[in-house]
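To start, the structure under review is shown below, and the notes come after it.
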Amino acid sequence: RKVFESLRTLENEHVPQIYHLEEDSDGLLVVEEYIEGELLSEYLATEKLTESQYISVAKQLCEGLRKLHQCNPPVIHRDIKSQNIMLLRDGSIKVMDFGIARFAREDIRSMNDKAIGSVHYISPEQAKGQLTDEKADIYSIGVVLYEMLTGRLPFQADSAVSVALMQVNNEAELPRTINPRIPVGFEQITMKAMQKSTRERYQSAAEMLMDLEELKRNPSIKFDYQK
């Protein structure tokens with residue numbers, strides 16, 4: 001409930017507004033803004049994003065997450081995936097489904113579907129049942145960007161446990177090996193967000209947003225992450 005109370009005071013165009021909270025013996029009732037649009041996952045199943053759409057969706061996603069992470073304490077969504085992103089007719093997006101959102105570093109470590117979100121998008125630290133902070137959401141953003149770029153998920157296996165192990169141990173195939181037409185900068189941003197080590201990832205949604213702004217200004221940019 002505390003997470004939803006925090007969200008209720010949040011004002012951001014990429015996060016649905018919460019109008020009412022009510023709790024009883026059956027659970028928590030949340031009344032929120034009605035959103036009419038198409039899930040990003042459904043859109044990607046039939047359409048390919050243009051470069052400008054890719055950057056727009058990525059930027060809006062980072063903007064929404066930046067606002068969540070600026071709450072006190074920070075709210076971690078923990079289930080960022082294309083099925084939880086609503087694409088509106090005007091091209092804007094809404095980040096949906098805060099059912100497993102928690103405050104940063106809250107001790108929720110059980111490895112079950114409700115606790116860890118969708119296994120194809122979770123960070124290595126979530127897969128290992130470790131404490132999570134804002135950088136777990138950054139990893140999941142990276143997976144969504146990978147999906148938008150390539151039309152596929154970075155890791156596929158016959159079981160959820162196998163996918164979780166791949167999130168921890170395997171390196172994803174580079175997007176440009178799947179589609180050589182992908183600009184280098186797109187690939188670099190995606191793969192930096194998906195770094196296994198939290199130290200090597202973007203440290204915040206705001207930092208990632210800066211690179212997306214640079215990419216928008218110069219689509220042929222190549223980033224130097226060695227500095």
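Any idea what angle helix 205-217 forms with the longest principal axis of the chain, computed on alpha-carbon atoms, 0 to 90 degrees, nearest 10?
Its long axis makes an angle of about 40 degrees.
Under the rule of at least 5 residues apart or a separate chain, name every residue whose amide H is placed under 5 Å from the amide H of Ile76.
Arg102, Phe103, Ala104
How many angstrom lie between the Cα centre of the range 5-51 and the Cα centre of the range 143-218?
After rounding, the separation between the Cα centres reads 24 Å.
Expressed in nm to one decimal, what extension gain is obtained for the pair Glu11 and Thr46 from 0.36 nm per residue of sequence separation less their Cα-Cα distance?
9.4 nm
Given axes a ≥ b ≥ c from the Cα gyration tensor, I'd like to know whether the range 159-219 is rounded (a/c under 1.5), prolate (a/b larger than b/c) or oblate.
Judged from the Cα gyration tensor, the range 159-219 comes out oblate (a/c at least 1.5, b/c at or above a/b).
Give me the one-decimal Kirkwood hydrodynamic radius in Å for the chain, with the sum taken over alpha-carbon pairs.
When all Cα pairs of the chain are included, the Kirkwood radius is 17.9 Å.
Give me the angle, in degrees from 0 to 90, between the Cα long axis of helix 51-69 and the longest principal axis of the Cα atoms of the chain, rounded to the nearest 10.
The helix 51-69 is inclined about 40 degrees to the chain.
Hey, what angle do you get for helix 134-150 against the long axis of the chain, alpha-carbon based, 0 to 90 degrees rounded to 10?
Its long axis makes an angle of about 50 degrees.
Taken together, the values in this text are just the output of simple stated rules run on the coordinates, not laboratory data. This structure is a prediction, so every number in the text was calculated from the model and none was measured.
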